[in-house]
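The next block holds one structure in the form of structure tokens; read it before the comments.
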Amino acid sequence: MKIDEKLVDEVAMLARLKISDKKTFIKEMQKIVDYFQILEEVDTSELEPMYTPIENATKLRDNKVRNFEDVESIRKNFPNRDRNYLKIPGIHK
């Protein structure tokens with residue numbers, strides 16, 4: 001796969017990136033793609049697929065509803081409150 005300026009522009013637009021030095025970026029991306037092409041040449045036909053690197057299954061806790069008794073201790077950590085509501089800074093301008 002050849003990395004060109006058109007592909008870089010498309011990826012930058014989709015990822016919302018501003019790339020100041022496109023030539024350096026193209027060189028670095030081409031190195032990465034070339035490396036993956038080398039990996040594609042490795043013969044893995046005799047290997048069994050590996051679905052997870054973790055051999056032991058993780059024990060999950062029981063999915064039970066529990067009431068948290070000390071809600072007021074959490075509320076004390078918030079500097080801005082209005083009765084039972086916590087005030088936080090807005091995320092929209």
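Quick note: the coordinates plus some simple rules give every number you see, no bench work behind them. Because the structure is predicted, anything quoted here is derived from the model rather than measured. Ideal geometry is used to build each Cβ from the backbone, glycine not excepted, and the neighbour counts take in all protein chains shown.
Figures for the structure shown
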quantity: Cleavage-rule hits (chymotrypsin sites (Phe, Trp or Tyr not before Pro)) in region 20-53: DSSP loop, at most 16 neighbouring Cβ within 10 angstrom; calculated: Tyr51
quantity: Over the chain: helical MRE at 222 nm, DSSP H runs n ≥ 4 each giving -39500 (n - 2.57), nearest 500; calculated: -11500 deg cm²/dmol
quantity: Cα gyration tensor shape of region 40-82, rounded if a/c is under 1.5, else prolate or oblate by comparing a/b with b/c; calculated: prolate
quantity: Modelled FRET efficiency - R0 41 Å, Val65 with Ile88, Cβ distances, 0.05 increments; calculated: 0.95
quantity: Assigned charges on the beta-carbon of Lys, Arg, Asp, Glu; the chain dipole about Cα centre (debye); calculated: 1180
quantity: All-pairs alpha carbon distance profile, the chain, 10 Å steps from 0, percent; calculated: 11, 17, 14, 19, 22, 17, 1
quantity: Of Ile38, Ile54, Ile74, the one that fluctuates the most in a GNM where the chain has Cα springs shorter than 10 Å; calculated: Ile74
quantity: For the chain: relative contact order, % (alpha-carbon pairs under 8 angstrom, 6 or more apart); calculated: 17
quantity: Tilt relative to the chain, helix 5-15 - C-alpha long axis, 0 to 90 degrees, to 10; calculated: 10
quantity: Ile3 long-range amide H proximity, modeled H, under 5 Å; calculated: none
quantity: GluC sites (Glu not before Pro) lying in DSSP loop within region 22-75, provided at most 16 other Cβ fall within 10 Å; calculated: Glu41, Glu46, Glu55, Glu69
quantity: Sparsely packed trypsin sites (Lys or Arg not before Pro) within region 3-74, loop by DSSP, other Cβ within 10 Å at most 11; calculated: Arg16, Lys18, Lys59, Arg61, Lys64, Arg66
quantity: Tilt relative to the chain, helix 22-40 - C-alpha long axis, 0 to 90 degrees, to 10; calculated: 80
